[in-house]
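Peer 1: Take a look at this one; I'll ask things after.
Read-outs: derived from the displayed coordinates by stated rules, not from any lab. Everything quoted here is computed from the prediction, not taken from an experiment. Backbone-built Cβ (ideal geometry, glycine too); neighbour counts: all protein chains shown.
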Amino acid sequence: MKPLIVSALLLALAGPAFADQPRPSQLACDSKKIGAKDLADCLRAAADRSDKELAGSLAAAIKSIDARSGLLAAQKNRWKRSLNDSQALWLNWRDADCQDVAPFEAGMSAKGGDPRLGCIIDHNAQRIEELKSRYQPGDGS
């Protein structure tokens, strides 16, 4: 019980520190440094770049599956198909979250630019890191 309480206390104390960290969309397009039109263009371009990087990370993950030893071709094909299915579901979730939820979270303020694009950039960055950590080239596992 004590470890659980200590963990909860540490998370509560660390929470504000994590909230102060800039999101990937803020790092790509700083609303404090550029105007509204430039911010919109920047977010659109950054979202396009992050979509391409996400596609590249998925392609690298699939290549890493092909490079695994000790698996039959049928097993690799099923794994790749499952990963692609999972990615399609993740994209549907991301799009729903960014289209339907993010605008409410942002409120009526447009200071940070289009919340939907910022959401896509932020979610893509998380997914890219997740894919890279799970499918590192040459790990053989």
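Peer 1: For residue 52, list the aspartates and glutamates whose Cα falls under 15 Å from its own Cα; do not include residues on the same chain fewer than 8 positions away.
Peer 2: Excluding near neighbours in sequence, the set is 122, 129.
Peer 1: For labels at residue 76 and residue 101 in the simple 7 Å Cα→Cβ model, what's the distance in nm?
Peer 2: Output for this residue pair reads 3.6 nm.
Peer 1: Another question, if that's okay. How large is ³J(HN,Hα), in whole Hz, for each residue of region 62-70 in order, when computed from phi with the Karplus curve 6.51 cos²θ - 1.76 cosθ + 1.60 and θ = phi - 60°, using x for Gly and Pro?
Peer 2: With the stated coefficients, region 62-70 comes to 5, 4, 5, 5, 4, 7, 5, 9, x Hz.
Peer 1: Take the Cα pairs of region 23-134, get the Kirkwood Rh, then feed it into Stokes-Einstein at 37 °C and 0.692 mPa s and tell me D in µm²/s.
Peer 2: Working: Rh = 15.4 Å.
This corresponds to a translational diffusion coefficient of 214 µm²/s.
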